[in-house]
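**Student:** Sending over a structure as C-alpha cells; questions will come in a sec.
The values are calculated or read from the model by the stated rules, or taken from the named source; none is laboratory data. Bear in mind the structure is a predicted one, so any value in this text is a computation, not a measurement. For neighbour counting, all protein chains shown are included, and Cβ atoms are generated from backbone atoms with ideal geometry for every residue, glycine included. When the accessible area is computed, the model is the full protein with side chains, heavy atoms only, and any ligands, DNA or RNA have been set aside. Shrake-Rupley method; radii C 1.70, N 1.55, O 1.52, S 1.80 Å.
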Amino acid sequence: MASAFLVSTLMVGASYVYPAYCTAQALSGDSKTQKPGRWMAYWALQGLLTFFFDTPIGLMLIWMLDPFVSLARIALAVYLFLPSTEGSALVVDKIQPHWNQHKGHVMTVIDTCVSMLRAAEKLAKNIEAVPIPHAESDKLY
C-alpha cells in the first residue's frame, strides 16, 4: 500500500509538478534555458499519454501490470522533459509528418463531432421546453 502511494506521488511529481514549474519559468521569461515551445510539446504529449492511460485499454494495462506501468510512465515523463534527452522534441519530430498527412481528416472528424454535440444540445433544450401533460384522463383506474 505504501509503495503504491510512493509510485503515485512520484508519477504526479515527475509528470505534472516539475514540468509545470519549468513551464512557468519559461513563460515568465526568467529563465534563459527554458524554451516555451519545448514545454508546449511536452504538455501535448502528456495530454495524449493521459488520454491513452485513462481509456479502457490503458486501465487494463495498469490493472494487469501495475506498478510496472506506473514506473514506465514516470520514466517516460522524465525522458520527455529532460533537457539532455530532448525527448519531447524528438517525439514531436517523429509525429509531425504523420500529423501533416492526416490533419485534414482529423479536423473533419473533430468538426463533425462538434456539430453533432451542438445539435444534441439544441435537441435537449427543445425537449426541456415541451411541457408534460398531466391530464386526468391519463390515470388508470
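**Student:** Which of the residues belonging to the range 30-66 are assigned to a helix (DSSP H, G or I), open to solvent by less than 60 Å² (accessible area, probe 1.4 Å) and farther than 16 Å from VAL92 by Cβ?
**Tutor:** THR50, PHE53, GLY58, LEU61, ILE62
**Student:** In the list VAL17, VAL7, VAL69, VAL12, which residue meets the criterion of being assigned to a helix (DSSP H, G or I), in contact (Cβ under 8 Å) with a residue 40 or more places away in the chain and β-branched (Val, Ile, Thr)?
**Tutor:** VAL7
**Student:** Does LEU80 satisfy the condition of being in a helix (DSSP H, G or I), touching a helix residue (DSSP H, G or I) at 6+ places or on another chain (Cβ under 7 Å) and either surrounded by 10 or more Cβ atoms within 10 Å (Cβ to Cβ) or modelled with pLDDT under 85 (or both)?
**Tutor:** Working: in a helix (DSSP H, G or I): yes; touching a helix residue (DSSP H, G or I) at 6+ places or on another chain (Cβ under 7 Å): yes; either surrounded by 10 or more Cβ atoms within 10 Å (Cβ to Cβ) or modelled with pLDDT under 85 (or both): yes.
In short, yes.
**Student:** Additional query: Filter the range 83-101 down to the residues that are surrounded by fewer than 14 Cβ atoms within 10 Å (Cβ to Cβ) and within 20 Å of ALA26 (Cα to Cα), then identify the one that is farthest from the chain's Cα centre (by Cα).
**Tutor:** SER84
**Student:** How many residues does the range 60-77 contain that are of a type in the set (A, V, I, L, M) and modelled with pLDDT under 80?
**Tutor:** Number satisfying all stated conditions: 4.
**Student:** What residue, among those in the range 20-29 that are assigned to a helix (DSSP H, G or I) and among the small types (Gly, Ala, Ser), is surrounded by the most Cβ atoms within 10 Å (Cβ to Cβ)?
**Tutor:** Among residues in the range 20-29 that are assigned to a helix (DSSP H, G or I) and among the small types (Gly, Ala, Ser), the one surrounded by the most Cβ atoms within 10 Å (Cβ to Cβ) is ALA26.
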